[in-house]
1. When you go through (1) closer than 17 Å to residue 7 by Cβ; (2) more than 16 Å from the chain's Cα centre (by Cα); (3) β-branched (Val, Ile, Thr) one by one for residue 65, which number turns out not to apply?
2. Which residue pairs have Cβ atoms under 6 Å apart, sit 6 or more places apart or on different chains, and have a first residue in the range 165-179 that is under 15 Å from residue 102 (Cβ atoms) and a second that is modelled with pLDDT of 95 or more and of a type in the set (Gly, Ala, Ser)?
3. If you scan the range 172-230, which residues turn out to be of a type in the set (Val, Ile, Thr) and either under 19 Å from the mean Cα position of the chain (by Cα) or at pLDDT below 95 (or both)?
4. Given the condition modelled with pLDDT under 95, closer than 20 Å to residue 103 by Cα and not hydrophobic (A, V, I, L, M, F, W, C), answer yes or no: does some residue in the range 29-36 qualify?
5. Suppose the filter is outside any loop (DSSP other than H, G, I, E, B), of a type outside the set (A, V, I, L, M) and either more than 17 Å from residue 35 (Cα to Cα) or touching a Phe, Trp or Tyr at 6+ places or on another chain (Cβ under 8 Å) (or both); does residue 68 pass it?
6. Which of the residues that make up the range 23-36 are surrounded by 20 or more Cβ atoms within 10 Å (Cβ to Cβ), of a type outside the set (A, V, I, L, M, F, W, C) and in a loop (DSSP other than H, G, I, E, B)?
7. If you take the residues in the range 37-53 that are surrounded by fewer than 23 Cβ atoms within 10 Å (Cβ to Cβ) and part of a helix (DSSP H, G or I), which one is nearest to the chain's Cα centre (by Cα)?
8. With the structure loaded, tell me whether residue 147 is touching a residue at least 40 places away in the same chain (Cβ under 8 Å) and touching a Leu at 6+ places or on another chain (Cβ under 7 Å) or whether it fails that test.
Amino acid sequence: MKVGITLPQFDDVATDAIAAARRAEALGFDGVFCFDHLWPMGQPGRPALSASPLLGAVAASTSTIALGTLVARVGLVPDDVLVATLSGLSVLSGGRFIAGVGTGDRLSREENLAFGVPFEGAGDRWYHLVGVAGRLVARGVPVWVAGSSAKAIETARTLGVAINLWASGLDAVAAVAGQVEVTWGGPVSGTVPAMRHRLDALEGAGARWAVCAWPESLDDLAEAAGTIDR
């Protein structure tokens, strides 16, 4: 199982996030990922660095580590713009980019409306996601589709891409892993042995990636991840 982290992007400047990406690469992590939020969830008074330009800077500041969106939300920009942006990041990174894509949910609605971006119904959002994901696959960009619903699983199976499960339990990971490739994201915290146990359990459940939310100690997480068979 590969292990990555989300970057500390809820800031006004990108200095810490870029430094974190470089440090993660030096420590041997497999990937760094950015959320696609206009503010931290539930905290509209705080800043958030935009995922795409930040990942462009990360691509220019690293050389081997994978980088990706977790996840880019359809509907924030036109589909053509989203496909061009994510395809461009793949080119800029020399093929290291992973396009995590999702529809957002009711928790995303407030963000959209605050910035004057329409929030379409779930069916329309899925229609856009399938189109965007399919076009990215056709361009050779690795794709992760966010969600655990039957529709998400069928979309991933049809396109031949992975599912990303955020903060799902081990039973859910194992159930979906029996149908399509699964990547997982969420907090992994505690002592080094506790984090190691969590990562081992995710691997045992069938996760191919564990993308850990920005940790209290990157060095401790690296130590915990060092026993994973990659």
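The values are calculated or read from the model by the stated rules, or taken from the named source; none is laboratory data. From a predicted model like this one, the values you see are computed outputs, not experimental measurements. Every residue, glycine as well, gets a Cβ built from its backbone with ideal geometry; the counts of neighbours run over all protein chains shown.
1. (2)
2. 166/185; 166/186; 167/186
3. Within the range 172-230, 173, 176, 180, 182, 183, 188, 211, 227, 228 meet the criteria.
4. Quick first cut of the range 29-36, residues modelled with pLDDT under 95 only: 36.
Filter once more, so that each one left must be closer than 20 Å to residue 103 by Cα: 36.
Narrowing the set further to residues that are not hydrophobic (A, V, I, L, M, F, W, C) leaves 36.
Yes - at least one qualifying residue is present in the range 29-36.
5. Details: outside any loop (DSSP other than H, G, I, E, B): yes; of a type outside the set (A, V, I, L, M): yes; either more than 17 Å from residue 35 (Cα to Cα) or touching a Phe, Trp or Tyr at 6+ places or on another chain (Cβ under 8 Å) (or both): yes.
Judged against the criteria, residue 68 is a match.
6. Filtering the range 23-36 down to residues surrounded by 20 or more Cβ atoms within 10 Å (Cβ to Cβ) leaves 24-25, 29-36.
With of a type outside the set (A, V, I, L, M, F, W, C) added as a condition, the list becomes 25, 30-31, 36.
Listed by number, the residues that qualify are 30, 36.
7. 52
8. On the way: touching a residue at least 40 places away in the same chain (Cβ under 8 Å): yes; touching a Leu at 6+ places or on another chain (Cβ under 7 Å): no.
Criteria not met by residue 147.
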